[in-house]
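See below for the structure under consideration.
The values are calculated or read from the model by the stated rules, or taken from the named source; none is laboratory data. Since we're looking at a predicted model, the values are computed, not measured. Neighbour counts are summed over all protein chains in view; Cβ atoms, including those assigned to glycine, are modelled from backbone coordinates with ideal geometry. Surface accessibility is based on the protein's heavy atoms, side chains included, excluding ligands, DNA and RNA. Shrake-Rupley method; radii C 1.70, N 1.55, O 1.52, S 1.80 Å.
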Amino acid sequence: MPMIRLDDGVSVHCAVDDYLWSWDAPAPVLMMHGFARNANFWNRWVPPIAESRRIYRPDLLGCGASDAPPAHYRYSPQNIEAQILALLDAFSLSRVHWVGESSGGIIGLLLAASHPARIASLVLCNTPVRISDEIRGTYALDQQSTAAAIRAYGTGEWCRKTLGYRLDLEHASEQLREWCIAEMDKTRPDIAAALHECFEAIDTKPLLPAIRPPVLLLSGDKSRIASEQQKILAQSLPDGRVELFAGYGHGINLLQPERCARAALDFWRTVEGTQS
């Protein structure tokens with residue numbers, strides 16, 4: 001799997017799913033995982049989309065197969081953006097359809113605001129405008145903050161205690177629950193804590209009116225993290241549309257991956273038809 005070396009000497013991993021003829025050149029797709037997750041969370045999306053698109057699935061520094069960040073590294077929107085831009089340039093991707101889940105959607109919004117020419121469209125799954133005070137309090141458990149709770153319990157145990165806010169447990173099998181916990185537990189607690197501190201400080205609402213690429217919002221209508229904020233996103237974005245999954249909470253990217261992938265493919269066909 002490709003490793004992209006950054007200026008500070010560490011490397012970012014990116015899974016590449018390319019099953020097309022070399023002369024086929026559709027607009028590529030970049031899929032960005034959520035907080036403390038990794039590229040494996042998109043596995044079920046790959047088969048339907050890779051039939052017609054090249055897919056790039058990076059792991060942020062400290063997540064998945066990417067290197068741990070160097071000593072004294074600080075997660076910030078600017079540093080995360082630098083990781084993504086380095087990856088786009090390394091693969092000569094001038095423009096991509098962005099797919100982001102939760103905080104991966106937040107990263108996409110930030111990039112669309114600062115580098116609109118690089119983003120053809122955005123598909124945002126379970127993406128909030130910001131991490132609400134209610135969720136911060138819930139995620140803190142019996143500690144002073146979410147970061148403190150992650151450091152105290154470890155990423156996996158913290159994930160287990162809060163999993164119902166990121167995955168609709170009524171629709172998730174026991175195997176899927178345990179898989180999510182095990183995958184997130186691969187992220188070191190200090191890294192997960194630092195990442196959450198970064199995302200807690202971000203509020204995308206002021207940026208939304210300036211987001212020019214078209215946006216498709218996918219969310220369960222019962223998500224305690226994202227569903228109430230979908231109206232804010234749809235009303236504030238110049239070209240935003242919402243598809244709610246009735247009866248579902250958070251985690252539709254895992255619970256309904258094929259339906260999400262079909263919605264994304266239909267959206268891109270519409271976008272490209274309009275842009276042409």
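Summary table below
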item: Theoretical ellipticity at 222 nm over the chain - DSSP helices of four or more residues, -39500 (n - 2.57) apiece, nearest 500; result: -11500 deg cm²/dmol
item: Under 16 Å from the Cα of Lys222 - lysines, other chains or at least 8 residues apart; result: Lys231
item: Residues of the chain: accessible area per residue with a 1.4 Å probe, Å²; result: 43 Å²
item: Built amide H within the under 5 Å cut-off of Met32, gap 5+; result: Val99, Gly100, Glu101
item: Mean-position separation - Cα centroids, the range 205-249 and the range 13-66, in angstrom; result: 23 Å
item: Dipole of the chain [Lys/Arg +1, Asp/Glu -1 at C-beta], most positive-end residue of Leu176, Gln144, Ser102; result: Ser102
item: Accessible-area composition of the range 122-276, carbon plus sulfur, in percent [1.4 Å probe]; result: 47 percent
item: Pair-distance profile P(r), taking every C-alpha pair of the range 157-263, with 5 angstrom steps and integer %; result: 2, 11, 17, 19, 20, 17, 10, 3, 0
item: Highest average packing first - 115-123, 77-85, Cβ atoms within 10 Å; result: 115-123, 77-85
item: Backbone HN-Hα couplings from phi across the range 3-11 [Karplus 6.51/-1.76/1.60, Hz, Gly and Pro as x]; result: 10, 9, 7, 9, 4, 8, x, 9, 10
item: Under-5 Å amide H pairs with Lys222, H placed in peptide plane, nonlocal only; result: Gly247, Tyr248, Gly249
item: Cβ-Cβ FRET estimate between Asp8 and Ala246, R0 fixed at 45 Å, reported to 0.05; result: 0.50
item: Amide proton proximity set for Ile119, modelled H, under 5 Å, gap of 5+; result: Val96
item: By accessible area with a 1.4 Å probe, ligands and nucleic acids excluded, highest first: order of Trp98, Trp179; result: Trp179, Trp98
item: Contact order relative to length of the range 195-276, as percent, for alpha carbon pairs under 8 angstrom and 6 or more apart; result: 30 percent
item: Computed magnitude of the charge dipole of the chain (debye, nearest 20; Cβ of K, R +1, Cβ of D, E -1); result: 300 debye
item: Rounded if a/c under 1.5, otherwise prolate or oblate - the range 1-47, Cα gyration tensor axes; result: oblate
item: Packing-based order for 229-235, 136-142, using average beta carbon neighbours within 10 Å, highest first; result: 229-235, 136-142
item: Kyte-Doolittle mean at least 0.5 and Cα axial length at least 30 Å: DSSP H helices in the chain; result: none
